[in-house]
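The values are calculated or read from the model by the stated rules, or taken from the named source; none is laboratory data. Since the structure is predicted, the reported quantities are computational estimates derived from the model, not experimental observations. As a convention, Cβ positions derive from the backbone with ideal geometry for all residues, glycine included, and neighbour counts pool all protein chains shown. For accessibility, only protein heavy atoms count, side chains too; no ligands or nucleic acids. Shrake-Rupley method; radii C 1.70, N 1.55, O 1.52, S 1.80 Å.
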Amino acid sequence: MKYRLFLFIFFAFISNSIAQSDTTDVFTTEIENSSDIIKPNILSNHPFGIYISRLNHNFNVRSPDKYSFSFDFSSGNVVLPYVKAYELTDPNDQQKAESMAWHKREFEFDLTKVPANTKEFEADGVIRSYRFTFTLPITVHHELNFSLRMNSLDGGKYPYSIFTSDESIEWFHSNIAGGEDPFSRRYYGLNKAGISYKDETDKVLTMNNGDFIFSGIDINYNYYPKLEMNKKHIYLNFGAQLGINTSRYNPVADFGISSSILKKMLIKNKNTLSFGASIGALRQHFLEYGDRVNISNNDFLYSFEGLIDYKVKLRNNNRISYGINYNVQTSYSNKKDLDHIILTGERINTHWQKTISHLYDTLEGWNFICTYSTRRFSYFVYLREDLNLDNAPDLQTGIGVKMSIKRS
């Protein structure tokens, strides 16, 4: 898989760097001073993911020496036409289904009589994410941060969605790449908004045009150990997260852990090149305090991120950085269940089934990030593309600002 290739290249690079590095590197101070990687919240605005406290991996090498507040705002265009799934419950039916291609199963079973659990799902519109974060440095090796996350849904009309509106995306498909209406947006209608999901117990999740929800609170602890390999400009960090989900559809608390490794190099003119890799695991519904919709039947969500960041020091001592991030998350639903599921819906295009089938696949996305930093403020923008046609979301953009306050 792509993330394994990323890891191989990353660790091969680190091994080579260790062999060539000088432990008395005269540029250590410069690297330490430019250590902060301003990475926005790049989690996808997925119709299910917004109700779960997923892990946003950390690539810093030490706790900051200032308090900070940050605000992230992102917009993701989602297009998932209505699909109904029948999860067969009889072992004989399951065996029969597993022996045939998924697109033929609908015509081999009488769906009015076959015993099965059913799910129904559709989503359309622009999902927006709002996140406020306060970072509290404790010591140079320890920090806490607290995040409030909120979401809304709308049709994505101009001027509020310049890049993520249906018109912009379909203009790109028609004139540059993708072909005419490849995801049937025009067929179903542009600028519509609505999310509806019914689980196998008939519990329903809905989000309508104009709805605004307070999704939850995340509390993160990060530890930056002092290690011998820091002299080689290789750093580790460890993190733990408690996510308290506050929506009525998923009233649970999640608990996650993560760890990152980062290699830094000083390039000419005091520019900094960083390579990072991070892994994490989130235990869903660690605590439950209400009746929830079954939006994910996997107890654990595992994730991986790879990062390449190039930071340029400007003449006025401000900095501008360019980053490429690759993100992978395991599926929301158990992959084995897909072997005996029958999917039904309008076969308008060749990937109509993705509405539900993508819930059983690993999710991945590429992010392109640009940040401009002064002594007190950092401003960042990013663009996210899924590249694997799950279209949840299709295209996502984000902006944000971070303000640092010197401790007295």
> Can you tell which of I213, P64, I356 lies farthest toward the positive end of the dipole of the chain, using +1 and -1 charges on the Cβ of basic and acidic side chains (Lys, Arg; Asp, Glu)?
Replying inline: P64
> For the chain, with only Lys/Arg (+1) and Asp/Glu (-1) charged at the beta-carbon, what is the dipole magnitude about the Cα centre, in debye rounded to 20?
Replying inline: 2020
>> For region 107-166, what does the relative contact order come out to in percent, with C-alpha contacts under 8 Å and a separation of six or more?
In response: 30
> Is the shape of region 150-207 rounded, prolate or oblate, going by the alpha carbon gyration tensor and its root eigenvalues a ≥ b ≥ c, with a/c under 1.5 for rounded and a/b larger than b/c for prolate?
Replying inline: oblate
> Which of the following values of Rg and Dmax of the Cα atoms in Å was calculated from the structure shown: (i) 22.2, 69; (ii) 19.7, 60; (iii) 22.7, 75?
Replying inline: (iii)
> What are the DSSP H helices in the chain that stretch 18 Å or more along their long axis, judged by alpha-carbon atoms, and whose average Kyte-Doolittle hydropathy comes to at least 0.5?
Replying inline: 2-20
>> Could you tell me how far the Cα centroid of region 362-408 sits from the Cα centroid of region 235-251, in Å?
In response: 19
> Which lysines does K406 reach when only Cα atoms under 23 Å apart count, and residues fewer than 8 places away in its own chain are ignored?
Replying inline: K39, K66, K311, K313
> Given region 155-281, what count of lysine pairs have C-alpha atoms under 28 Å apart, with each pair 8 or more places apart or on different chains?
Replying inline: 15
>> If I ignore ligands, DNA and RNA and count only protein heavy atoms, how much of W352 is accessible to a 1.4 Å probe, in Å² to the nearest 10?
In response: 20
> How much mean residue ellipticity at 222 nm does the chain get from its helices, if each DSSP H run of length 4 or more adds -39500 (n - 2.57) and you divide by all residues, to the nearest 500 deg cm²/dmol?
Replying inline: -3500 deg cm²/dmol
> So how much slack lies between K336 and H351, counting 0.36 nm per residue of separation and subtracting their Cα-Cα distance, in nm?
Replying inline: 3.4 nm
